[in-house]
1. Determine whether A:Leu110 is assigned by TED's automatic domain parsing to the domain that holds A:Asp12, farther than 16 Å from B:Pro97 by Cα and either at pLDDT below 95 or part of a strand (DSSP E or B) (or both).
2. Anything in segment A:129-174 that is over 13 Å from the mean Cα position of the chain (by Cα), hydroxyl-bearing (Ser, Thr, Tyr) and not in a strand (DSSP E or B)? List them, or say none.
3. Do we have any residue at all in segment A:27-35 that's surrounded by 13 or more Cβ atoms within 10 Å (Cβ to Cβ) and within 18 Å of the chain's Cα centre (by Cα)?
4. Among (1) under 16 Å from the mean Cα position of the chain (by Cα); (2) at the interface with chain A (Cβ under 9 Å from one of its Cβ atoms); (3) of a type outside the set (A, V, I, L, M), which single condition is B:Gly126 missing?
5. From the list B:Glu91, B:Glu101, pick out the single residue that is within 11 Å of chain A (Cβ to nearest Cβ), in contact with a helix residue (DSSP H, G or I) (Cβ under 8 Å, 6 or more places away or on another chain), surrounded by fewer than 17 Cβ atoms within 10 Å (Cβ to Cβ) and free of Cβ contacts under 8 Å to residues at least 60 places away in the same chain.
6. Looking at B:Gly41, B:Gly31, which one is under 19 Å from B:Asn152 (Cα atoms), small (Gly, Ala, Ser) and outside the structural domain of B:Trp102 (by TED's automatic domain parsing)?
7. Kindly indicate whether A:Val14 is in a loop (DSSP other than H, G, I, E, B), surrounded by 18 or more Cβ atoms within 10 Å (Cβ to Cβ), in contact (Cβ under 8 Å) with a residue 60 or more places away in the chain and in contact with a strand residue (DSSP E or B) (Cβ under 6 Å, 6 or more places away or on another chain).
8. For segment B:69-103, which residues satisfy the criterion of being in a loop (DSSP other than H, G, I, E, B) and of a type outside the set (Ser, Thr, Tyr)?
There are 2 protein chains.
Amino acid sequence: MQTKQRLIVDMDGVLADVYSQFLNMEEAEFGIRQPLENLLGRPEREVFKHERNYVLTKGFFRGAPVIEGGVEAIRELDTKYDLFIVSAAMEFPLSLPEKLEWLKEHFPFLTWHQFVFCGSKTIIKGDIMIDDHFKNLDFFTGKTYLFTQPHNYGQDDKHHTRVSSWEEIRKILL
Amino acid sequence: MQTKQRLIVDMDGVLADVYSQFLNMEEAEFGIRQPLENLLGRPEREVFKHERNYVLTKGFFRGAPVIEGGVEAIRELDTKYDLFIVSAAMEFPLSLPEKLEWLKEHFPFLTWHQFVFCGSKTIIKGDIMIDDHFKNLDFFTGKTYLFTQPHNYGQDDKHHTRVSSWEEIRKILL
């Protein structure tokens, strides 16, 4: 039956550039754009003082840019893998329709069968997972790739393979 | 680490009484309430001519009654099992916030970590699944219970155990 490997791809911080949103909203509010050095190795909610307000703002998820190379990579990966986009979305009810619209806009070649919104990713079954959070990768039984984002900078362990761009993922998985 | 068995519970047709919604909406539209005999062993979209319109109507999912005994059973099962509510919701974007609000209203003792909205349930990992559709149970690797609903009436196979009420499930699982 299932012959393709199942590939689980995260949204925020892997496909959706939430840092752009945080930086832009903070700059709009305070007139200052934080330099990258401030963000490295620190959780988003520690770095952006109003982080909680921003993610609760209408349009935060809907308006996020796609991380460079994400669309083209997903298009190709979708032909080779049994691909699912899995996003932790339950904490913010407003984000549910926004995330679905975002996926339909930027990835029109995928179908709704391939989308999952959950609270905890411990319930997800697959062969390969790409995510920017250890809390998601640590519970996954398949092969795991840690997608570089400022918050996970410098935090490595021997269980996950770090990847820093969609170009790098293409070289590994395609 | 994980010692409790993971129990996966469906929403529509297991916790949410969607047939009540269909019957009520049809009666409001045509003035006639279909008798149960009409519904047995036939897909919802075959039985209710305007099924698609109804599920796309604002309030369809939000206003569904809870199937008898569902709240009390889930409250008890939640203490004994690692419980998740998993619903196929992606086909109808409007249903996403409605389903989340419905869960929060009727099951306030659960947390958002326990909710999953997906397109396909083939991605879900667990030990026990309760669902009213073969398409979901057939791909699950754990123990499966088919929850009786009019559409699955008379359709049995040797792979799934039929249960016809939450009272019956309590006797088996508690």
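The values are calculated or read from the model by the stated rules, or taken from the named source; none is laboratory data. The shown structure was predicted, so the numbers you read here are calculated from the model rather than taken from an experiment. With ideal geometry, Cβ positions are generated from the backbone for all residues, glycine too; neighbour counts draw on all protein chains shown.
1. For A:Leu110, the condition - assigned by TED's automatic domain parsing to the domain that holds A:Asp12, farther than 16 Å from B:Pro97 by Cα and either at pLDDT below 95 or part of a strand (DSSP E or B) (or both) - is not met.
2. Listed by number, the residues that qualify are A:Thr141, A:Tyr153.
3. Scanning segment A:27-35, I find no residue that is surrounded by 13 or more Cβ atoms within 10 Å (Cβ to Cβ) and within 18 Å of the chain's Cα centre (by Cα), so the answer is no.
4. Among (1) under 16 Å from the mean Cα position of the chain (by Cα); (2) at the interface with chain A (Cβ under 9 Å from one of its Cβ atoms); (3) of a type outside the set (A, V, I, L, M), the lone unmet condition for B:Gly126 is (1).
5. Answer to the selection: B:Glu91.
6. Being under 19 Å from B:Asn152 (Cα atoms), small (Gly, Ala, Ser) and outside the structural domain of B:Trp102 (by TED's automatic domain parsing) holds for just one of B:Gly41, B:Gly31, which is B:Gly41.
7. Criteria met by A:Val14.
8. Answer for segment B:69-103, where residues must be in a loop (DSSP other than H, G, I, E, B) and of a type outside the set (Ser, Thr, Tyr): B:Gly69, B:Ala89, B:Met90, B:Glu91, B:Phe92, B:Pro93, B:Leu94.
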